[in-house]
Ligand SMILES: Cc1cc2nc3c(=O)[nH]c(=O)nc-3n(C[C@H](O)[C@H](O)[C@H](O)COP(=O)(O)O)c2cc1C
């Protein structure tokens with residue numbers, strides 16, 4: 001694990017968070033904070049909790065990893081992640097595309113919340129991203145029936161061995177049941193802890209005109 005840059009973390013924590021100082025677009029503001037979190041060496045800065053709506057309307061949440069896909073030519077203003085298209089979350093999203101995301105960066109005591117609707121990423125982006133993954137993860141995407149009951153760990157390992165043999169000496173193609181999604185936000189909130197307990201909260205809300213309204217909220 002990289003060492004954390006304490007000086008940068010201190011600077012981040014002290015930075016102003018105000019309607020007047022934030023970027024015009026929330027994803028631009030998110031990218032600023034994300035780039036700082038990465039440079040500061042914050043562990044698992046890419047982890048975000050994804051909440052979806054179950055068949056009976058009950059909430060379901062789990063962590064997935066945010067992927068910055070700009071190097072793959074995907075620079076849309078949204079929040080990409082990858083998963084199994086036959087998992088519980090995928091079934092929930094197919095039924096109800098509404099979802100929420102939460103990042104928490106412990107130091108510098110920041111939170112980002114985004115709410116919106118989830119769509120599948122274009123297939124060529126999922127292909128391009130899959131090709132960059134370590135081979136073991138590529139095999140894993142084929143081997144694991146995510147969210148389904150499996151008889152044993154040995155069963156999964158046996159499946160993995162069989163797939164390694166099947167693909168020996170050639171590229172592993174992206175499984176049709178594995179790929180990306182993006183959350184397209186209609187609301188994004190940035191939260192910064194202050195020792196006074198008067199924490200700073202700035203929320204962006206998408207208006208019908210396509211403009212973002214930016215407001216301060218009570219902590
Ligand atoms: C740090 C961390 C990162 C994770 N990243 C992912 C991810 O990027 N994609 C994914 O499908 N699951 C990821 N998982 C596993 C999920 O939390 C979850 O167990 C899995 O996606 C099945 O969720 P579901 O049954 O609700 O569909 C991650 C878990 C942790 C703790």
Item to check | Angle in degrees between helix 26-39 and the longest Cα principal axis of the chain, rounded to the nearest 10 | outcome: 70
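When the helices in the chain are scored as -39500 (n - 2.57) per DSSP H run of 4 or longer and the sum is shared across all residues, what 222 nm value do you end up with, to the nearest 500 deg cm²/dmol?
One gets -9000 deg cm²/dmol as the mean residue ellipticity at 222 nm.
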Checklist entry - What number, in percent, do you get for the relative contact order of the range 111-193 if the mean sequence gap of Cα pairs under 8 Å and at least 6 apart is divided by its residue count? => result 66
Checklist entry - Which of the peptides 134-140, 93-99 is most tightly packed, and how do the rest follow, going by the mean number of other Cβ atoms within 10 Å of each residue? => result 93-99, 134-140
Next on the checklist: Between residue 136 and residue 209, what is 0.36 nm times their sequence separation minus the Cα-Cα distance? Round to one decimal in nm.
Outcome noted: 21.7 nm
Checklist entry - In whole percent, what relative contact order does the range 79-153 give with Cα contacts below 8 Å and a gap of six or more residues? => result 32
Next on the checklist: Show me the ranking of peptides 42-49, 75-82 by mean Cβ neighbours inside 10 Å, starting with the highest.
Outcome noted: 75-82, 42-49
Next on the checklist: If I fit a long axis through the Cα atoms of helix 153-166 and take the longest principal axis of the Cα atoms of the chain, what angle between them do I get, 0 to 90°, rounded to 10?
Outcome noted: 70
Checklist entry - Going by how many other Cβ atoms sit within 10 Å of their own, how do 181, 85 line up, fewest first? => result 85, 181
Next on the checklist: Quick check: pseudo-label points 7 Å beyond the Cα along Cα→Cβ at residue 158 and residue 3, how many nm apart are they?
Outcome noted: 4.9
Item to check | Theoretical FRET efficiency, 1/(1+(r/R0)^6), r = Cβ-Cβ of residue 91 and residue 165, R0 25 Å, to 0.05 | outcome: 0.20
Item to check | With Cα atoms, 0 to 90° folded angle of helix 123-132 axis to the chain main axis | outcome: 80
Checklist entry - Expressed in nm to one decimal, what extension gain is obtained for the pair residue 39 and residue 199 from 0.36 nm per residue of sequence separation less their Cα-Cα distance? => result 55.2 nm
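FYI, it's all coordinate maths here, none of it is from the lab. Predicted model only: the values in this text are computed from it and were never measured. All Cβ positions, glycine included, derive from the backbone under ideal geometry; neighbour counts span all protein chains shown.
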